[in-house]
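Nothing in this text is a laboratory measurement; each read-out follows from the coordinates by a stated rule. What you are looking at is a predicted structure, and each value in this text was computed from that prediction instead of being measured. Virtual Cβ from ideal backbone geometry, glycine too; neighbours counted across all protein chains shown.
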Amino acid sequence: MRWIVYENNELVAGTSLRDEGFSTDAFACGNVAAYVGDDEASVIRNRKDLAEAVGIPLDHWVYPQITHSDILVEVKRQDQGEGTLSASLKFQGVDALYTKERDLVLSVFHADCTPILIHCPKTKIVAAIHAGWPGTIKEIVSKCMDTLIEKEKVEVSTLRVYIGPCLCQEHLEIDRPVLDKMKTMTFDVSPFLRYRDLDHAYFDMVGCNVHQLVSRGVPMENIEIHPECTYEDPLRFYSYRKEKVTGRHVSFIAMKK
Ligand SMILES: [Zn+2]
């Protein structure tokens, strides 16, 4: 299986691609999510294939059941393998993970949503966050940053952040109910909206998540943003918005042994 590599000598991190793998039809080829209706055996083969390509066996990975929540959970050594061969019961409704363990791969599924991978070289912590528009509105990134800063004492100025492929602003149109949900946000979201008419706007989801990182002190130059949009290349990317029935990518991060 092929994957986008985020380079760092202390890390293994990346985003899986769809162009190679064992899934067929709407899920072709490299789908790694079982809950979308794909054949489970193909999904497991893809996960094993990816684990082999990455160089860390599948029983050292953790696949949570994401639900557009704003929940962050710490992953310990005894959790490794959770959710890899069957849906995780322990990490249900968990959209963000962090760990202090090496050689333990944190992962989040996505197809259009924003995957955000964080490394603190100072405290030796990695985190993986799934932020679709619901999570972005719930400010999951701000909340994760607050926990990492207050509880885990990460040094924000040293953080490295990788943002994987997701929807660009042009391909993320939102309507009045979503715009109304944004009224609960703790900061002014208007710089990230371009109105088409009174009740429809294009949402800069990446920009809004970057704002949540920068507002907590992450230097802009430490944030690497993958330039591709998942809507625009159906050979390499799944797009839920475009295809409805489709596979999922996984974005993942681990500290090397
Ligand atoms: Zn786009």
**OP:** Of all alpha-carbon pairs in the range 102-257, indicate the percentage at a distance above 28 angstrom.
**Re:** 21
**OP:** Loop only per DSSP, at most 13 neighbouring Cβ atoms within 10 Å: give me the chymotrypsin sites (Phe, Trp or Tyr not before Pro) in the range 3-99, ordered by residue number.
**Re:** Y35
Original post:
For the chain, what is the relative contact order in percent, using Cα pairs closer than 8 Å and at least 6 residues apart in sequence?
Top reply: 24
Subject >> Value of relative contact order over the range 77-159, rounded to a whole percent, pairs C-alpha under 8 Å and six or more apart >> reply: 26
**OP:** Give, in nm to one decimal, the length gained when the segment between E40 and E7 is fully stretched (0.36 nm per residue of separation minus the Cα-Cα distance).
**Re:** 8.8 nm
Subject >> Per-residue Cβ neighbour rank within 10 angstrom, fewest leading, M145, M185 >> reply: M185, M145
Original post:
Exposure proxy check: I149, I118, I223 ranked by fewest other beta carbons within 10 Å?
Top reply: I149, I223, I118
**OP:** Please give the peptides 40-47, 188-195 ranked by average Cβ packing (other Cβ atoms within 10 Å per residue), highest first, as a rough proxy for protection.
**Re:** 40-47, 188-195
Original post:
Rounded to the nearest 5, what is the percent of antiparallel bridges among the DSSP beta bridges in the chain?
Top reply: 75
Original post:
Taking a Cβ-Cβ separation under 4.7 Å as the criterion for a possible partner, which cysteines of the chain have none?
Top reply: C29, C113, C120, C144, C166, C208
Original post:
Residues of the range 73-92 with amide nitrogen under 13 Å from the 7 Å Cα-to-Cβ point of T147?
Top reply: 73-76, 91-92
Subject >> Using distinct alpha-carbon pairs, which all enter the 1/r mean, Kirkwood radius of the range 179-225 in Å >> reply: 11.8
Original post:
Relative to the Cα centre, what is the charge dipole magnitude of the chain, using +1 at the beta carbon of each Lys and Arg, -1 at the beta carbon of each Asp and Glu, and rounding to the nearest 20 debye?
Top reply: 640
Original post:
Fewest first, what order do E152, E7, E101 take by the number of other Cβ atoms within 10 Å?
Top reply: E7, E152, E101
